1. Normalized C-alpha radius of gyration of the range 522-646, against 2.2 N^0.38 Å?
2. To test your reading of the geometry: what angle, between 0 and 90 degrees and rounded to tens, separates the Cα axis of helix 573-588 from the longest principal axis of the chain?
3. Give me the percent of Cα-Cα pairs in the chain that sit more than 32 Å apart, rounded to a whole number.
4. Past the 32 Å Cα-Cα mark, which pairs from LYS305/LYS343; LYS110/LYS153; LYS153/LYS448; LYS142/LYS448?
5. Scanning the chain for trypsin sites (Lys or Arg not before Pro) in DSSP loops with at most 11 other Cβ atoms within 10 Å, what's the longest stretch left with none?
6. Once you put a point 7 Å from the Cα of ASP398 and another 7 Å from the Cα of GLU264, both along the Cβ direction, what distance in nm separates them?
7. Return the long-range amide H neighbours of ARG182 (sequence gap of 5 or more, or a different chain), with a cut-off of under 5 Å between placed amide H atoms.
8. Using every alpha carbon pair in the range 346-485, what percent of pairs falls into each 5 Å bin from 0 up to the bin containing the largest distance?
Amino acid sequence: MTADAPGPPDDEPAEPGTTNISGDQYNIRIEQAASPTPASPRQVAEQQLRRLQRRFARPDDLNDAYDTLAEHNIVFLDGAPGNGRTSAARVLLRELPRGTGIYHEIATVKEGRSPEILSPGLVGEEDRMLLDLSAENQDLWKQYHDRLLGFHKILADKRAYLAVVLPHPYADQLSPDFTGYRRPVNRPDELEVVASHLRAHGVTVGRPRPAPPALHEYLAIHPPMRELARLADLILEARKALRPGSTFMDWCDLAIAAQTARAEEVDSFVPGLRKGSQRALLLTVAMLHGAPADVVHRATALLQKLLDIPQDDRPLLEHKGLTERLHKVGATRDDAACVHFEKLRYDHAVRRHFWLNMPDLRAPLRQWVDQVLDLPQLPDIDHRRLVVRFAELCLATDQEELFRAASAWTAKRHSRVTATYVRAAAELLSWGVQNEDTSQDFRTQIYKWSTRPITAGLRLVLIAVCARVVSIHYPEQAVVRLHHLARREPLREPRARGVLLEYVAQDLRLQLYLLYRLSLFSPANLRHKEFDAQLFLDLVAVPTWPAHSFLRNPVTRDWLTGCWTAVFRHTDSAIWSPCVKQWIRAANSSDDPDLVHHALNVLVDATAGSYPALRQVYATARASLSAEQAGLLLSRIHEAQRADSAPRSTSQEGPQS
C-alpha cells in the first residue's frame, strides 16, 4: 500500500480464535487463528480485508475510484479479467472510514423465497458492500443493473457504500446515470505485486530492475493476479528451502521451476518405480507431506493393505529402514522427525500425477483417507492438511465427491471415531466456503442440506460452518441456513435456534433481516409455522439499540403485526402472554412517547378477529400502563372492532393479488 493511499489508521481487532459447538459426543473446532479468544464474524471479515490491504499493489488511478466511492456512495469498477478487480473493490471498501456498519458481500444467487434483488433490507447504516458481477451472464447483469438506480438512493440515505465489479463484456451497457461513477482498474506493476506479497510476510526485496531472468520471463505472459499471489507464496517457500545467503534471484529460479517443471519431473520419475510398495510410499508422503515419520510409516502400511500390495515377509531386521526407503522416493526426514520431499512442491505434482493418471485409484484412496484420519497419532494440523489435499484432488475431477464425503463422514456412528470425522467434515466445508473457486457451490449445497432431513452430525457441522464461516462475508445467507436448520432440528436439541439468535443479536440489521423472513415467508408446514411464531418471540426479546427501533418505521411495524398475528394463531396464550407484557414494558420504558402507542397498535391489529386474544392483551397491558394509556388502548380496541364489524363490499370482482 502506498503511503499516500486514503484510509483509516491501523486499529484492527484482535486475531480471531476458535469456535466450539458441542454435541453429545464431540466438539467441532473450526480453527481461525491461534488466539484463545473467539472473534466475531465481523472481526474476521475486517481482519481478512486488512491482510489483503497489506499485500495489495495499488494500480494507477485507483485513488480516483476511492474518491468516487467516498463522495457518491457507489463506484463501478471495470477492467480486463485477471487485473485484480475484486481485490481492488475490497481494498477500496476497507479504506473507507469505518463507522457502525459492517463489510459484507451481496450474494448473486437467489435461493428459495429469498428477498428481491438488492432489497433495502440488505443495507444497514454505514455498511460497506461488495457486489461482484464480474463472472455473471448478461441476464443477471441486467436484473441487477435495473435495480441499481433505486438502490443508490438507499445507499445515500443510510450513508452506506457499494463497490460494483462490472462484467467486462457488458460494461459498456452501463446506464448514463452511472457512467460518471465508472472507474478503470488497470493492471498493476507485476513485479510490485510480488514484492508487496513478500513485504507482507516481512521479506523486503526492494524493486529490483530488471527482474531476475526467470521471473521476467514468467511475468511476460501477464498471469492473473491470483497466480502472481501464488507465485509469491512459492518464492517464500523457496527462500526457506535454500541455504542462508541465497539471493532473490535464487528464490525466483527455484519457485518458478517448482511451478512449471515439477509435473514433468514426476511424470518421468514414477514409471521408474517398479514396486508397488515404493509407489505407495511415494503417494503417502505426498498426501501427508510434513507429517511425523511414524504416521507416514503407518499410513503407508494401510495403503499397501488396501491395495493388496504384498508386505515384506522377511524377518523384521532384514527390512529396509524408513530413511532408506524414503531416499528411494526422493524424500527425507528432518530434525523434527517429519517427512518432506527434497524438491519444492514435489508433493503437489505427485498427488496430481496419481489422481489424474490412475483413475481407478481414486475410490481406494478415498477409503485410505478415511482410515488415516482415524489414526490416533495424526496431529491436528496434518488432519486438516489431509482433508484439504484430498479436497483439492476431488475438485480437479468430481466436486460432488466432496459433498458425498462430508455426508458420509458425519453419518458414522461409532462413538470412538465420530469426533474425528465430524471435524473432518467441518474442515472440508469450511475450506470449500472460503475458496473463491468453490464458495458459491458449497454455500448452495449447505442451503440444500439445511432444507432437508439430515443426520445429527451433519446438522452440527452445518451450524458451525454457517455461524463461523459463511457469516464472515455472507451474513444474510448464514441467517437463512441457520433458520432452516433450526426449523428442522429436534425440539430437545435447539442448537441452531440458539446459535441463530446469538448471531443476530450482534447486528441490528440481521435482526431486521430475520424479522423480514418471519413476516413475509410464512411456511406451509404447520410445525414450521409454530416454530417461526415462537422464534419471533425470542427475537423481540433480543436487546436492540436503539430499543424497539423497529416500531419507528411503518414498514417494519407491518412486519411486526404479521408476526404477532402468527403468534396469536399458532402459540398458546401461556406462552405469549408474558412476552406481550415484556413487549409493552420495553416500549413504555423508552423516552419516546410514540413508541408505546405504536406497540399497542401493533398488538391490536394483530389480534383482529380474535376476541379472546384481544381481551387477554388488554388485561395484560393494563398491568403495565398508566390509566391514561390504558384508556387510549381501549379506544383503539373499540375502533378496531368497529372496523372489523363494518359491512363488507359485495363486489363480484374477487380479491386482487
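Computed from the coordinates by the stated procedures, all read-outs in this text should not be read as laboratory data. Predicted model only: the values in this text are computed from it and were never measured. Glycine gets a Cβ as well: all are built from the backbone with ideal geometry, and neighbour counts include every protein chain shown.
1. Here the Cα radius of gyration is 1.01 times the empirical estimate.
2. Value to nearest ten degrees: 80.
3. Working: 129577 of 215496 pairs.
Tail of P(r) above 32 Å: 60 percent of Cα pairs.
4. LYS153/LYS448
5. On the way: sites that count: ARG113, ARG274, LYS275, ARG413, ARG416, ARG492, ARG648.
The longest uninterrupted stretch comes out as 114-273.
6. Taking the simple label geometry, ASP398 and GLU264 are separated by 3.2 nm.
7. Those lying under 5 Å, H to H, from ARG182 are PHE76.
8. Each 5 Å bin holds this share of Cα pairs: 2, 10, 20, 22, 20, 14, 8, 3, 1.
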